[in-house]
Amino acid sequence: MNRSSLCEIIGLTVVLLMGAAPLRAADVAQETKEQRDLRMGWWREARFGMFIHWGLYAIPGGEWNGKQVPGIGEWIMNNGHVPVRDYEQLAKQFNPTKFNAAEWVKMARGAGQKYIVITSKHHDGFCLWDSAVSDYDVMDATPFKRDILKELHEACKADGTVRLCFYYSIMDWHHPDAQSINDPNYNPSRDAKARAKAGYKDNPNFGRYVENYVKPQLKELITRYDPGVLWFDGEWVPEYTEAMGHDVYNYCRSLKADLIVNNRVGKSRNSMQGMSLSKESAGDFGTPEQQIPATGLPGVDWESCMTMNDTWGFKKNDQHWKSTETLVRNLVDIASKGGNYLLNVGPKPDGTFPEPIVERLAGIGKWMAVNGESIYGTGASPFTNLDQSMRVTTKPGTVYLHVFEWPKGGKVRLPDLHREVKEAYLLAGHAAVKAAKADGEIHLDAPAAAPDPIDSVIVLKVEGEGKAASQ
Ligand code: FHN
């Protein structure tokens, strides 16, 4: 047995033991690199997940009293200045009779997505599960009276390939101890000056909200539905502090030792738009949003969350859809920088996905069915200035060359890898590709016709197990 597998077994044993006994904050802080690598393992392998923004806001779908409300669909209560008492009436209309958890999981699996992150509770405070600490939930406030998260948990368990994860908003426009005391709908700006100008007053009971509402809800979500990730958001409210973030992080991990938590459990987004993890901030991965960091986030785990159109929650009139080509190339670009891609779906009020989303998920799935091995479990490219028509992802001993624009005659040129290329072939169909070193480059003579119009992958088997050398 070699050393690395022995370490893995030791690490696994320790994590399993840690899993058995509740973790103390000190245990969390003492996590070794091996233990962390083990805990993050499935998430790094997954590389591609489905974000789902679904809740009462799907019903108005961007319109209120017959008028279009600007901005993202799930913010309609705030952007439309809808009084809480009017907005909460939507619960009486929430009856997504076409909701089918197994169908949703099947679509994620079909697209090649290995995890689902669904809004258990967004900023509006409405809960998609049967919460013992709230009546503002799908079981008590709606005619639907089905525990959506429970059904998704069961569907993911039955499927066995897609992990269920939860988004949870710290900001809450409905709970009296959390909502703005200036005006329940007022979203405390992330900018302190703007807050001061608006005369924003902190809610003096926010600490009670965290202790008596947030933590009990997190305990319900973690102990009932076994999520892989807790994806926090709405952390920018001024009453929520980094210290609270560390406490909530440790609390969640004490309930489930191998849980993964994003960096918005703390306040690191404020430093670099959530793009990096500072040592003093809580959380396990960075969360760049609607962007792909130009050079990735070297040295930290990170995940780009992005929409397919311009809204997270469903909006009837947002037809500004990204092409399947763009979505696949985003996935490849992110993986080539060592990140995960969390691609969003905003289901309709009846529980089905908008047709343009269904089409795009199928198109991505078609590409992933052939080329998934060049994404799952890969690491970042060793190159810093590759031609923009190409990307590289890597595994030990293997380089995946992604060619977006197929060159004339199939003559592909790659900077020198400083490693012998033992074999080269097309990932689609495995046709051999001639590889030779010349003029400080690798010359690949591939078929004249591109194997795939979106991204054709050439596999290079290289000498040695280490990462290919950078330029
Ligand atoms: O305000 C939310 C927004 O509605 C959406 O949930 C995004 C997704 O990451 N997060 C916040 C904006 O950063």
If you check E373 against the conditions, is it closer than 14 Å to I454 by Cβ and surrounded by fewer than 20 Cβ atoms within 10 Å (Cβ to Cβ)? no
Name the pairs: first residue in region 38-59 and of a type in the set (D, E), second residue surrounded by fewer than 21 Cβ atoms within 10 Å (Cβ to Cβ), Cβ to Cβ under 9 Å, at least 6 apart or on different chains? E45/Y376; E45/G377
Confirm whether D124 is within 16 Å of the ligand (Cβ to nearest atom) and touching a Phe, Trp or Tyr at 6+ places or on another chain (Cβ under 7 Å). yes
Complete set of residues in region 400-436 that are part of a strand (DSSP E or B) and either hydrophobic (A, V, I, L, M, F, W, C) or under 10 Å from A450 (Cα atoms) (or both): L401, V403, V412, L414, V421, A424, L426, A432, A435, A436
Would a scan of region 344-363 turn up a residue that is more than 24 Å from I72 (Cα to Cα) and either at pLDDT 95 or above or not assigned by TED's automatic domain parsing to the domain that holds F94 (or both)? yes
Any residue in region 167-180 that is in the same structural domain as N79 (by TED's automatic domain parsing) and touching a residue at least 60 places away in the same chain (Cβ under 8 Å) sitting within a Cβ distance under 9 Å of a residue that is in a strand (DSSP E or B) and among the acidic types (D, E)? List the pairs, counting only those 6 or more apart or interchain. Y167/D233; Y168/D233; S169/D233; I170/D233; M171/D233
When you check M306 against the structure, is it within 19 Å of the chain's Cα centre (by Cα), at pLDDT 95 or above and within 14 Å of the ligand (Cβ to nearest atom), yes or no? yes
Selection within region 398-420 - within 10 Å of S456 (Cα to Cα) and either acidic (D, E) or free of Cβ contacts under 8 Å to residues at least 24 places away in the same chain (or both): E405
Mind telling me which of the residues R146, R163 ends up being under 17 Å from the mean Cα position of the chain (by Cα), assigned by TED's automatic domain parsing to the domain that holds G55 and more than 16 Å from the ligand (Cβ to nearest atom)? R163
Give the residue that is farthest from the ligand (Cβ to nearest atom), with candidates limited to residues of region 210-252 that are under 18 Å from G286 (Cα atoms) and in contact with a Cys (Cβ under 8 Å, 6 or more places away or on another chain). G228
Here's a check for you: in region 289-303, which residue that is touching a residue at least 40 places away in the same chain (Cβ under 8 Å) and among the charged types (D, E, K, R) is farthest from the ligand (Cβ to nearest atom)? D301
Scanning region 63-99 for residues that are within 16 Å of the ligand (Cβ to nearest atom), at pLDDT below 95 and not in a helix (DSSP H, G or I) gives G80, V82
Given the condition at pLDDT 95 or above, away from the ligand (no atom under 15 Å from the Cβ) and in contact with a Leu (Cβ under 9 Å, 6 or more places away or on another chain), answer yes or no: does some residue in region 38-46 qualify? yes
Boolean, D318 is charged (D, E, K, R), within 16 Å of the ligand (Cβ to nearest atom) and either modelled with pLDDT of 95 or more or out of contact with any helix residue (DSSP H, G or I) (no Cβ under 7 Å at 6 or more places or on another chain) (or both): yes
Filtering helices (runs of 4 or more DSSP H) wholly in region 126-221 for at least 1 residues that are at pLDDT below 95 gives 192-197
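Residues are listed down the side, and each one gets a yes or a no for (1) surrounded by fewer than 18 Cβ atoms within 10 Å (Cβ to Cβ); (2) touching an Asp or Glu at 6+ places or on another chain (Cβ under 9 Å); (3) not in a loop (DSSP other than H, G, I, E, B); (4) not assigned by TED's automatic domain parsing to the domain that holds V248:
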site: G283; (1), (2), (3), (4): no, no, no, no
site: P293; (1), (2), (3), (4): no, no, no, no
site: G296; (1), (2), (3), (4): no, no, no, no
site: G299; (1), (2), (3), (4): yes, no, no, no
site: M308; (1), (2), (3), (4): no, no, no, no
site: K316; (1), (2), (3), (4): yes, yes, no, no
site: Q319; (1), (2), (3), (4): yes, no, no, no
Apart from one, (1) surrounded by fewer than 19 Cβ atoms within 10 Å (Cβ to Cβ); (2) in contact with a strand residue (DSSP E or B) (Cβ under 8 Å, 6 or more places away or on another chain) all hold for A335; the odd one out is (1)
Might you check whether a residue that is within 15 Å of P347 (Cβ to Cβ), in contact with a helix residue (DSSP H, G or I) (Cβ under 8 Å, 6 or more places away or on another chain) and within 16 Å of the ligand (Cβ to nearest atom) occurs anywhere in region 104-117? yes
All-but-one check, Q273 against (1) more than 30 Å from E373 (Cβ to Cβ); (2) buried (at least 22 other Cβ atoms within 10 Å of the Cβ); (3) at pLDDT below 95; (4) within 16 Å of the ligand (Cβ to nearest atom), failing number (2)
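The values are calculated or read from the model by the stated rules, or taken from the named source; none is laboratory data. What you see is a predicted model, and the numbers here were worked out from it, not measured in a lab. Reconstructed Cβ throughout: ideal geometry from the backbone, glycine too, with neighbour counts over all protein chains shown.
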